[in-house]
Number of protein chains: 2
Amino acid sequence: MSAVISKRSTEAVLISEVGPRDGLQSVAATMPTAHKRAWIDALVAAGLREIEVASFVPARLLPQMADAAEVVRHAVTHAGVCIMALVPNRHGAEAALRAGAHKLTLPVSASEAHSQANVRKTREQMVDEVRAVARLRDEIAPQVPLEVGLSTAFGCTLQGPVAEDDVIWLAEACVQAGAHEVGLSDTTGMANPAQVKRLFTRLQAAVGSHAGAAHLHNTRGLGLANCLAAYEAGVRTFDASLGGLGGCPYAPGASGNVVTEDLVFMFEAMGIDTGIDLPRLFAARQALREGLPGEPLYGMTPEAGLPKGWPSSALPFNKALA
Amino acid sequence: MSAVISKRSTEAVLISEVGPRDGLQSVAATMPTAHKRAWIDALVAAGLREIEVASFVPARLLPQMADAAEVVRHAVTHAGVCIMALVPNRHGAEAALRAGAHKLTLPVSASEAHSQANVRKTREQMVDEVRAVARLRDEIAPQVPLEVGLSTAFGCTLQGPVAEDDVIWLAEACVQAGAHEVGLSDTTGMANPAQVKRLFTRLQAAVGSHAGAAHLHNTRGLGLANCLAAYEAGVRTFDASLGGLGGCPYAPGASGNVVTEDLVFMFEAMGIDTGIDLPRLFAARQALREGLPGEPLYGMTPEAGLPKGWPSSALPFNKALA
């Protein structure tokens with residue numbers, strides 16, 4: 001019995017749903033608060049145990065997130081679910097903590113060009129921001145972990161390649177500044193599996209247990225392959241977005257974020273526990289659709305359906321795990 | 001120098017383009033012969049070195065393939081390119097060999113239910129067919145290799161799971177019957193990376209150098225992840241279809257075959273040589289489009305474009321390979 005439990009805990013992954021934040025802030029329409037609540041409820045019902053629900057940025061910049069505090073206050077009523085909020089700075093962090101967020105995530109660009117273009121700050125200045133947020137957190141909510149997501153870690157549309165040494169240096173600096181976890185984001189969809197495996201391996205060597213989530217995009221179709229590579233490198237937390245919401249930057253089908261449904265299907269088919277119920281996850285698309293009528297949703301597994309013989313635990317090649 | 005060459009030959013992969021056969025026989029429209037020729041020419045110009053150009057089946061069953069012999073006779077005028085033809089039986093093999101095909105491929109279902117439904121033969125009867133084709137080949141074209149593609153090797157929409165022991169038994173039987181290579185096909189898009197890695201590893205253990213290509217589908221979005229898993233298991237030949245042509249069995253975006261463009265991008269980005277020029281490969285889509293107006297083409301890399309900093313050999317993380 002204990003061998004089985006230990007096997008599961010080693011193999012299990014945490015899917016961190018970012019749609020209500022990353023997805024909703026990328027589309028032009030604003031989802032009404034009641035629909036956000038219903039969507040989050042449906043995600044929880046499907047078994048999601050970590051959800052990034054809002055971004056605490058000025059409403060004049062992102063009107064889609066004007067109800068961030070209200071959304072967090074609703075989301076945290078679900079017991080046993082870690083509710084995350086994105087904060088760009090100390091001011092946003094204070095609002096997120098006062099609303100009751102369980103975990104903060106702060107984006108820091110690995111590319112200097114992207115950092116300047118996005119927040120008009122150097123990377124060093126963003127490390128100072130991490131330090132300021134960490135201090136605030138220590139003062140008013142010391143139990144709340146702070147994650148840094150290193151955006152453009154695998155390449156940048158402005159400057160092209162991003163030196164891996166820069167990524168590692170920045171990860172170490174963020175941990176020293178008080179971040180509990182540092183994840184790597186393929187903001188621009190430029191990552192490949194060899195690079196993903198190499199960079200996460202280096203990240204783990206540099207910051208050990210502070211190495212965080214893989215946030216990978218499907219811009220060039222490599223999203224799941226990159227997630228597989230990250231898994232093989234030891235990553236166990238994966239950001240994904242229901243319906244691939246989060247931008248269709250180029251063309252129909254060219255979604256940005258990895259599609260939660262397909263990612264969960266991949267892991268579950270491999271016998272790796274996600275804790276998520278796929279039919280209920282597919283059902284959660286309806287709540288998203290109702291809140292954003294007309295927005296295209298991606299995801300091939302929901303369209304194709306689950307294979308004959310599913311659930312995978314019934315498939316002969318997974319019986320050995322049972 | 002020799003180390004570099006040896007490294008390349010170990011790391012290089014062969015992309016076997018199946019669009020002109022697998023793709024064209026899956027769509028309702030028939031591409032005119034002149035357009036088939038132009039498309040094949042464009043594929044060769046992009047660097048493809050193996051192309052499956054036709055299926056030698058009765059024209060009443062597949063009118064799209066009525067010009068199979070003419071297409072093969074044109075394709076083999078390209079020096080240095082292996083021209084493959086699918087043959088369902090001895091009769092088709094004779095026609096393909098007389099047209100000058102360089103290599104034959106014969107599909108054998110790993111699922112008994114699929115075999116009965118598809119060709120009204122048992123798997124054992126199909127092994128006899130392999131033997132008959134191999135004997136014919138020995139008589140009239142002994143230089144021509146015979147490949148068997150084991151369809152439904154990863155699961156079947158009719159019977160559900162397919163026992164891995166059946167796949168291995170059938171692969172061994174086909175090699176004993178005279179097949180030079182036995183590949184595995186995820187006909188139904190049910191494969192997952194763990195299964196792909198496990199089954200190809202078993203295949204290699206069972207038939208050694210007779211282990212052949214991975215023919216993987218993208219039905220549930222796992223196509224590239226499954227190719228990565230096959231690569232990690234030692235597979236070096238991958239079937240793919242330009243524009244993902246080969247069926248949109250469920251919904252827009254839910255292509256069947258792995259998209260050649262995205263697969264080549266993945267390998268090239270990883271520093272694994274395919275011998276294919278990506279801009280020319282994207283250009284070959286135009287020839288396909290002209291021959292099949294209105295048919296949807298898939299592929300995310302052609303839509304997103306190559307990343308800033310491409311070709312990958314210029315990217316810092318690949319400099320070590322140069």
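Any read-out appearing in this document is the output of simple, stated calculations on the displayed coordinates, not a laboratory observation. Everything numeric here is computed off the predicted structure, so don't read it as measured data. Note that we place each Cβ from the backbone using ideal geometry, even for glycine, and neighbour counts take in every protein chain shown.
Once you have the Kirkwood Rh of the range B:151-233 from its Cα pairs, apply Stokes-Einstein at 25 °C and 0.890 mPa s and quote D in µm²/s.
It diffuses with D of about 196 µm²/s by this estimate.
Please arrange B:His102, A:His78, B:His215 by counting, for each residue, the other beta carbons lying within 10 Å of its beta carbon, fewest first.
Details: B:His102 20, A:His78 17, B:His215 27.
Exposure proxy ranking, most exposed first: A:His78, B:His102, B:His215.
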Centre separation in Å (Cα based) which lies between the range A:186-242 and the range B:119-175: 38
Pseudo-label separations to other copies for A:Gly275 - Cα-to-Cβ vector, 7 Å, nm: 4.9
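About the Cα centre of the protein assembly as shown, what is the dipole size in debye to 20, counting +1 per Lys and Arg Cβ and -1 per Asp and Glu Cβ, all else neutral?
Dipole size: approximately 100 debye.
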Pairs of Cα atoms farther than 44 Å apart, the protein assembly as shown, %: 22
Listed residues B:Val53, B:Ser151, B:Gly291: farthest to the positive end of the dipole of chain B (Cβ charges): B:Gly291
Ellipsoid semi-axes in whole angstrom, largest first, where each is sqrt(5λ) of the Cα gyration tensor of the range B:12-321: 28, 23, 19
Dipole of chain B, positive direction: furthest Cα of B:Leu224, B:Phe200, B:Val162, with charges on the beta-carbon: B:Leu224
Value at 222 nm in deg cm²/dmol, rounded to 500, when DSSP H runs of n ≥ 4 in chain A each add -39,500 (n - 2.57): -13000 deg cm²/dmol
Whole-number percent relative contact order across chain A, with pairs defined as alpha carbons under 8 Å at least 6 apart: 19
Point-charge dipole on Cβ atoms (K/R +1, D/E -1) for the range A:12-321, about Cα centre, debye to 20: 220
Backbone HN-Hα couplings from phi across the range A:63-79 [Karplus 6.51/-1.76/1.60, Hz, Gly and Pro as x]: x, 4, 10, 4, 9, 3, 5, 5, 5, 4, 4, 6, 4, 6, 6, 7, 5
Of A:Lys308/B:Lys36; A:Lys121/B:Lys308; B:Lys36/B:Lys197; B:Lys36/B:Lys308, those spanning more than 30 Å from alpha-carbon to alpha-carbon: A:Lys308/B:Lys36; B:Lys36/B:Lys197; B:Lys36/B:Lys308
7 Å along Cα→Cβ, label-point gaps from B:Pro296 to other copies, nm, shortest first: 0.9
Full-stretch length increase - A:Gln116, A:Ala205 - with 0.36 nm per residue and alpha-carbon distance subtracted: 29.2 nm
Relative contact order for the range A:1-152, counting Cα pairs under 8 Å that sit 6 or more residues apart, in percent: 19
Backbone N under 15 Å from the B:Lys308 label point (7 Å along Cα→Cβ), restricted to the range A:120-138: A:120
Distance (nanometres) between label positions extended 7 Å along Cα→Cβ at A:Leu158 and B:Leu158: 5.8
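Based on other C-beta atoms within 10 Å, arrange B:Leu158, B:Leu242 from fewest to most.
Taking fewest neighbouring Cβ atoms as first place, the list is B:Leu158, B:Leu242.
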